[in-house]
Amino acid sequence: METPSNNDSIDRRTILKGTGALAIASFAGCTGDGNGNGNGNGNGNGNGNGDTEVIRWHAGGTGGTYFPLSGEFETVVEDNTDYAMEVSATGASVENVGSLSNGDADFALIQNDVAYFARNGTGIDAFDGNAVENLRGVATLYPETIHIILRPGAGIESISDMEGMRVNTGDLGSGTQVNALQILESAGGLTTDDFDEQNTDFTQAANQIQDGDVDAAFVVGGWPVGAVEELATTTDIEILNLSDEERNAVKEDASWFADDTIPGGTYGGIESDRNTVSVQAMIATRSEYDAEIVENVTAAIFDNLDDLSIKTDFISVDSAQDGMSIELHEGAAAYFE
């Protein structure tokens, strides 16, 4: 398994305290063997004797990229297999890991950094000393770009300028919150004691910017993110341009980040490029889930990429293992290898 090198300084940091509240609830009583809700041969939704297999797919918030992309995956899978798929809106990465761990989900979209933390029992309080041993990878999909949305007039020109500000770091326990707190500390030396932290999903964060209730909001998703697009059509916004020094500081502390750029014109009123960083979105499953189902679902998606309309410039068979931070499920390995 090729994994990114972990930086012990991130593991020791206290900035992530509290980020796993939602996930910790999901993990309560879990042993990591994922056998609480079916064994992958029926999953509580079919008896394995001719009934339609119902695949439980956990996405993310409706204002991000995970949810609409998962809807397209649902269509492709149902059109090309005998399975039915139920897509659920969730708090995204950290919550989704908990749902895979306890068997409530069969597949989920998560970030590659959160996958690494979960599988190795490090980095986030929810996973510290509680490795999710049944977490397995299927495929990486596209860069998840860190958008730092600013309220015009807030006077924020750098990460360190957020000291004393009202900052929405994303849903409590989400991968967005994890990324936001990492960036705030690495690039600005800020912990949660240094700013007023707010926690909502993408859509509510956009509303807070519009209403002037926060000064900055972190949104993580492949551009263009629907909630940001809509916000830019109704109000003036700014997106923070990270300096080379800030980006290097972030990458030095957390090797799963990569340089990224939001092209000018992606969002209304933002005409020039904005430099930032990104992680990778990926499909994950659980080790005990049926290998034939995983292989068939993987094939349905990657054999029919022409039927997708979201992130099509990035999702491909050739790049589907780039940035894979955990070991593959045997069903995915059978398709890709």
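The values are calculated or read from the model by the stated rules, or taken from the named source; none is laboratory data. Predicted model only: the values in this text are computed from it and were never measured. Backbone-built Cβ (ideal geometry, glycine too); neighbour counts: all protein chains shown. Just so you know, the surface numbers come from the protein's heavy atoms only, side chains and all, with ligands and any DNA or RNA stripped out. Shrake-Rupley method; radii C 1.70, N 1.55, O 1.52, S 1.80 Å.
Determine the per residue accessible area of the chain with all protein chains present and a 1.4 angstrom probe, expressed in square angstrom.
Numbers: 12860 Å² over 337 residues.
Solvent-accessible surface per residue comes out at 38 Å².
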Amide H partners (placed H, <5 Å) of Ile270, local residues excluded: Gly265
Where a label projected 7 Å from the Cα of Asp318 along Cα→Cβ would reach, residues of region 282-303 with amide N under 20 Å: 299, 301-303
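Expressed as a whole percent, how much of the Cα-Cα distance distribution for region 81-230 exceeds 27 Å? Before the final figure, lay out the partial values.
Numbers: 2962 of 11175 pairs.
Of all Cα-Cα distances in region 81-230, 27 percent exceed 27 Å.
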Selection from Gly63, Ser158, Met85 lying farthest towards where the dipole of the chain points positive, charges on Cβ: Ser158
Stokes-Einstein D (µm²/s) once Rh is taken as the Kirkwood radius of region 221-337 over alpha-carbon pairs, at 25 °C in 0.890 mPa s: 145 µm²/s
Vicinal HN-Hα couplings computed from phi for region 194-202 (Karplus, 6.51 cos²θ - 1.76 cosθ + 1.60; Hz; Gly/Pro x): 9, 8, 8, 7, 10, 9, 8, 7, 4
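Could you state the orientation-averaged shadow area of the convex hull built on the Cα atoms of region 166-248, in nm² to one decimal?
Working: hull surface 21.6 nm².
Hull-based average projected area comes out at 5.4 nm².
What number does region 231-271 give for Rg over Rh if you use C-alpha atoms and the Kirkwood radius?
Details: Rg = 13.1 Å, Rh = 12.0 Å.
Here the Rg-to-Rh quotient is 1.10.
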Cα pair count fraction exceeding 21 Å, expressed as % - region 58-122: 25 percent
Net charge over other residues, Cβ less than 14 angstrom from the Cβ of Glu271 (K, R count +1; D, E count -1): -2
Radius of gyration and Dmax over the Cα atoms of the chain, both given in Å: 19.2, 63
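Would you work out the charge dipole size for the chain about its Cα centre, treating the Cβ of every Lys and Arg as +1 and the Cβ of every Asp and Glu as -1, and quote it to the nearest 20 debye? All intermediate terms of the calculation are to be shown ahead of the outcome.
On the way: 13 positive and 59 negative charges, 116 e Å.
Dipole size: approximately 560 debye.
Quick one: length gained pulling Asp273 to Asp128 fully straight, 0.36 nm per residue minus the C-alpha distance? Kindly include the intermediate steps, with their values, before the conclusion.
On the way: separation 145, 0.36 × 145 = 52.20 nm, distance 3.72 nm.
Gain in length upon complete extension: 48.5 nm.
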Sulfur and carbon atoms: percent of accessible area, the chain [1.4 Å]: 38 percent
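From Cα pairs below 8 angstrom and at least 6 apart in sequence, can you work out the relative contact order of the chain, rounded to a whole percent? Kindly include the intermediate steps, with their values, before the conclusion.
Values: 746 pairs, mean separation 85.8, N = 337.
Contact order relative to length: 25 percent.
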Choice from Gly212, Gly323, Gly221 showing the highest fluctuation, given a GNM over the chain with Cα pairs closer than 10 Å: Gly212
